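Visitor: Have a look at this one before I ask anything.
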Amino acid sequence: MEGGRQDYRLWPANMALESVLLEFAKSVIGVLLVNVGTPENYSFWTVRRYLSEFLSDRRVIEFPKILWTVILHLFILNSRPQKIGQKFRLVWNYETNESLLRMTSRLQATKTAERFRNEPVEIAWAFRYGNPTIDSTIQALKEKGCDRLILLPLFPQYSAATTASTTDEAFKSLMKQRFQMALRVIPAFYDNYLYIGAIKDSIKDKLDKINTNPEVTVIISYHSIPLQFHLKGDPYGRHCLQTTELIKKRLAVDYKVNVLTSFHSRFGPFEWLKPYTDDLIVNLARSGKKRILMVAPGFISDCFETIEELEISGAKLFKDNGGEEFVYVRCLNDSKACIDIIENVIRLHMQGFGTIAVNTAN
């Protein structure tokens with residue numbers, strides 16, 4: 001207050017107007033790559049904390065809240081952490097003391113940043129559940145001068161349980177900002193040409209290395225969702241089938257193989273999208289099929305669900321029921337093909353989102 005009047009100056013007196021305008025003109029795009037998440041270690045209590053956050057998400061569990069809270073805390077969180085922790089041990093990088101998904105996510109962001117190293121772009125990564133959080137990472141990008149944000153949920157096929165949950169969390173973070181970052185959300189890229197080509201190439205690389213006689217059955221397995229989600233309008237199942245069809249068309253140029261779609265990782269007593277991957281594996285083995293090649297294109301990065309549930313348990317299930325050879329095709333992870341896809345979808349959505357020049361001339 002000066003002489004009973006409030007000082008309404010918007011910047012320090014020693015800062016020229018031109019300097020202020022130039023400061024606002026420094027425009028940087030923040031790009032946030034988001035995957036589901038992972039515990040920071042495989043101990044009971046750390047996994048329990050992670051599962052509690054994940055299974056408390058109303059986008060993931062559409063069940064009466066009070067009843068679900070009782071079930072979650074009395075039963076699931078007392079039994080599941082031990083089992084899940086054992087699975088994480090199978091995909092743990094003991095050299096860097098981190099899960100496979102955390103390591104891959106970090107490498108994806110680092111390699112993507114290299115593609116934009118000479119541009120006003122900041123690349124960051126976060127998890128929907130666990131650390132680093134979406135909120136803390138968005139705020140860090142804001143502090144680095146990013147006034148625009150491109151959000152890339154790393155889920156090729158859209159589902160409310162993954163993509164929408166991710167955008168919900170980003171919106172919550174932006175609600176804390178006085179001067180909000182402009183936001184663009186990259187939509188599902190289930191039909192992206194580079195993505196389909198990369199999955200086809202990864203399958204072809206494996207087929208080229210094995211004898212395709214006798215016949216090999218290719219299973220394209222996606223993480224399932226509750227049937228009720230589908231009936232309420234979630235496009236996930238349709239996106240999965242469209243991805244499969246596009247892969248089949250590209251694969252048919254080089255190989256004549258039987259390609260099937262299935263869904264894995266169902267949870268609880270309710271019906272999920274079918275056919276279930278484990279049932280399909282058993283049926284194929286018992287019907288005399290001797291060789292299976294499996295790929296999980298719904299996952300950009302391998303994690304315990306792909307390695308333990310598909311590569312390890314899937315192979316055992318197939319051989320226990322009479323099958324002979326089970327080949328799992330690893331996810332794209334931090335390969336050049338994966339970074340090409342990430343760069344491609346980012347650049348597509350950077351168009352028209354560029355720096356606005358500020359004219360400070362009189």
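Throughout, read-outs are computed from the coordinates displayed, never taken from laboratory work. Remember, predicted model here, so these are calculated numbers, not experimental data. Glycine gets a Cβ as well: all are built from the backbone with ideal geometry, and neighbour counts include every protein chain shown.
Visitor: Could you put His239, His264, His230 in order, starting from the residue whose Cβ has the fewest other Cβ atoms within 10 Å?
Guide: Fewest to most other Cβ atoms nearby, the residues stand as His230, His239, His264.
Visitor: How tilted is helix 100-115 with respect to the longest principal axis of the chain? Cα atoms for both, answer in degrees (0 to 90, nearest 10).
Guide: So the inclination is approximately 50 degrees.
Visitor: Exposed loop trypsin sites (Lys or Arg not before Pro) only (DSSP loop, at most 14 other Cβ atoms within 10 Å): please give the longest stretch of the chain free of them, not including the sites.
Guide: 257-362
Visitor: Cα axis of helix 193-209 to longest principal axis of the chain: angle in degrees, 0 to 90, nearest 10?
Guide: 30
Visitor: Residue separation times 0.36 nm, minus the C-alpha to C-alpha distance between Lys249 and Ala140: what's the value?
Guide: Value of the extension gain: 34.9 nm.
Visitor: So which chymotrypsin sites (Phe, Trp or Tyr not before Pro) in segment 224-319 pass both tests, a DSSP loop state and at most 10 other Cβ atoms within 10 Å of the Cβ?
Guide: Those that pass, being in a loop and sparsely packed, are Phe270.
Visitor: Okay, moving on. What fraction of the DSSP beta bridges in the chain is antiparallel, stated in percent and rounded to the nearest 5?
Guide: In the chain, DSSP labels about 10 percent of beta bridges as antiparallel.
Visitor: Would you mind working out the magnitude of the charge dipole of the chain relative to its Cα centre, with +1 at each Lys and Arg C-beta and -1 at each Asp and Glu C-beta, to the nearest 20 Debye?
Guide: Its charge dipole is roughly 480 debye.
Visitor: Helix-only mean residue ellipticity at 222 nm, the chain, DSSP H runs n ≥ 4 weighted -39,500 (n - 2.57), per residue, nearest 500. What is it?
Guide: One gets -12500 deg cm²/dmol as the mean residue ellipticity at 222 nm.
Visitor: Could you tell me which of Phe267, Ile312, Cys240 has its Cα farthest along the dipole of segment 193-329 towards the positive end, charges placed at Cβ (Lys, Arg +1; Asp, Glu -1), taken about the Cα centre?
Guide: With unit charges placed on the Cβ atoms, the residue in question is Cys240.
Visitor: Rounded if a/c is under 1.5, else prolate if a/b beats b/c, else oblate: with a ≥ b ≥ c from the C-alpha gyration tensor eigenvalues square-rooted, which is segment 193-329?
Guide: oblate
Visitor: Rounded to the nearest 0.05, what FRET efficiency is calculated for Gln228 and Glu119 with R0 set to 35 Å and r the Cβ-Cβ distance?
Guide: 0.20
Visitor: How charged is the neighbourhood of Pro81? Take every other residue with its Cβ under 14 Å from the Cβ of Pro81, and add Lys/Arg as +1 and Asp/Glu as -1.
Guide: +4
Visitor: On to the next question. Would you mind checking the tilt of helix 277-286 against the longest principal axis of the Cα atoms of the chain, expressed as 0 to 90 degrees and rounded to 10?
Guide: It works out to around 20 degrees.
Visitor: So what is Rg over Rh here for the chain, counting just Cα atoms and using Kirkwood for Rh?
Guide: The Rg/Rh ratio comes out at 1.05.
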